[in-house]
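*Asks:* Before anything else, here's the structure in question.
Rule-based calculations on the coordinates, nothing more; no lab input. Predicted model only: the values in this text are computed from it and were never measured. Glycine gets a Cβ as well: all are built from the backbone with ideal geometry, and neighbour counts include every protein chain shown.
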Ligand SMILES: Cc1cc2nc3c(=O)[nH]c(=O)nc-3n(C[C@H](O)[C@H](O)[C@H](O)COP(=O)(O)O)c2cc1C
């Protein structure tokens, strides 16, 4: 299916068929799709926490706004997207090491330039607050990748901001890992009574949102 068709077809699932589980092979593909998400200066400031058991769904429930419970209660899998509470020099060096290992940086000079330029761009965010905002923007890119990647595999999804981040962090013990949750995505298959599955899509017309420069 081409990307435009996929974009017309994907929708926000409001509930799922709880009896249908996503096959492990597809979950593996989604994890790889997430790993391949682009991010500014390849910063990859994220961790993706997958859950699928009843126990895991129950555990996160107190952090989820009640209007979103029909998604988390019935989904096959959920993914909490978390970002790092700051990008330390050690973390930036780990990214650089990986890039060297993957054969992207072919000389010591290029390694040096990459180290310096990434540090420069990360350093442009001059307070903890702006760094987190910048990292969260990257998380939204990963979320979008997950939504469309899922749709390409015939899996429905719900992007969710409707949860209490601090409660989620406590439940998952994210503070211990220097992480903060920013998004939640639920995944699964069509529920027969999901009214959103049959509603027409609604978007502003092209001439309201696309401007052409003369
Ligand atoms: C960042 C983000 C957060 C969202 N949070 C929620 C949410 O908490 N609960 C929910 O049911 N839908 C949520 N939505 C779904 C939007 O309402 C939906 O994408 C929008 O109405 C367009 O509909 P469509 O996704 O079916 O095309 C969210 C969407 C985005 C992109």
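*Asks:* With axes computed from alpha carbons, what is the tilt in degrees of helix 128-152 against the longest principal axis of the chain, rounded to the nearest 10 within 0 to 90?
*Replies:* Roughly 50 degrees between the two axes.
*Asks:* Nearest 10 degrees is fine. How inclined is helix 108-123 to the longest principal axis of the chain, computing both from alpha carbons?
*Replies:* 60
*Asks:* Give the separation of the Cα centroids, the stretch 34-48 to the stretch 105-135, in Å.
*Replies:* 14
*Asks:* Over the chain, calculate the relative contact order: mean separation of alpha carbon pairs under 8 Å at least 6 apart, over the residue count, as a percent.
*Replies:* Across the chain, relative contact order equals 37 percent.
*Asks:* Using only Cα atoms, figure out Rg for the stretch 9-54 and give it as a multiple of 2.2 N^0.38 Å.
*Replies:* 1.46
*Asks:* Given the rule -39500 (n - 2.57) for each run of at least 4 DSSP H residues, summed and divided by the residues of the chain, what is its mean residue ellipticity at 222 nm, to the nearest 500 deg cm²/dmol?
*Replies:* So the helix-based figure for the chain works out to -14000 deg cm²/dmol.
*Asks:* Taking the Kirkwood radius as the inverse of the mean 1/r across Cα pairs, report the Rg/Rh of the chain.
*Replies:* 1.01
*Asks:* Still on this structure, please answer the following. Looking at the square roots a ≥ b ≥ c of the eigenvalues of the Cα gyration tensor of the stretch 46-140, which shape do they give, rounded for a/c under 1.5, prolate if a/b is larger than b/c, or oblate?
*Replies:* prolate
*Asks:* Under 8 Å for C-alpha pairs, at least 6 residues apart: give me the relative contact order for the stretch 141-214, rounded to a whole percent.
*Replies:* Computed value for the stretch 141-214: 29 percent relative contact order.
*Asks:* Taking only C-alpha pairs under 8 Å that are 6+ residues apart, what is the relative contact order of the stretch 91-200 in percent?
*Replies:* 19
*Asks:* Roughly how many nanometres apart are two label points built 7 Å out from the Cα toward the Cβ at residue 206 and residue 31?
*Replies:* The two pseudo-label positions are separated by 4.1 nm.
*Asks:* A follow-up question, please. Would you mind putting 28-34, 54-60 in packing order, based on average other-beta-carbon counts within 10 Å, highest first?
*Replies:* For the peptides 28-34, 54-60, the packing ranking is 28-34, 54-60.
*Asks:* Please list the three semi-axes, largest first and in whole Å, of the ellipsoid equivalent to the stretch 63-116, using sqrt of 5 times the eigenvalues of its alpha carbon gyration tensor. Please list the in-between numbers first.
*Replies:* Values: eigenvalues 327, 37, 9 Å².
Ellipsoid half-lengths, sorted descending, are 40, 14, 7 Å.
*Asks:* Evaluate the stretch 117-173: find the radius of gyration of its Cα atoms, find its Kirkwood radius, and give the ratio Rg to Rh.
*Replies:* Values: Rg = 15.1 Å, Rh = 13.8 Å.
Result: Rg/Rh = 1.10.
*Asks:* Against the longest alpha carbon principal axis of the chain, how many degrees, from 0 to 90 and to the nearest 10, is the axis of helix 24-35 turned?
*Replies:* Once rounded, the angle reads 40 degrees.
*Asks:* Let a ≥ b ≥ c be the square roots of the eigenvalues of the Cα gyration tensor of the stretch 142-214; is it rounded (a/c under 1.5), or, if not, prolate (a/b larger than b/c) or oblate?
*Replies:* Working: a/c = 2.43, a/b = 1.45, b/c = 1.68.
Note, shape of the stretch 142-214 comes out oblate.
*Asks:* Looking at the square roots a ≥ b ≥ c of the eigenvalues of the Cα gyration tensor of the stretch 88-207, which shape do they give, rounded for a/c under 1.5, prolate if a/b is larger than b/c, or oblate? Intermediate values should be presented prior to the final figure.
*Replies:* On the way: a/c = 2.23, a/b = 1.75, b/c = 1.27.
Here the stretch 88-207 falls in the prolate category.
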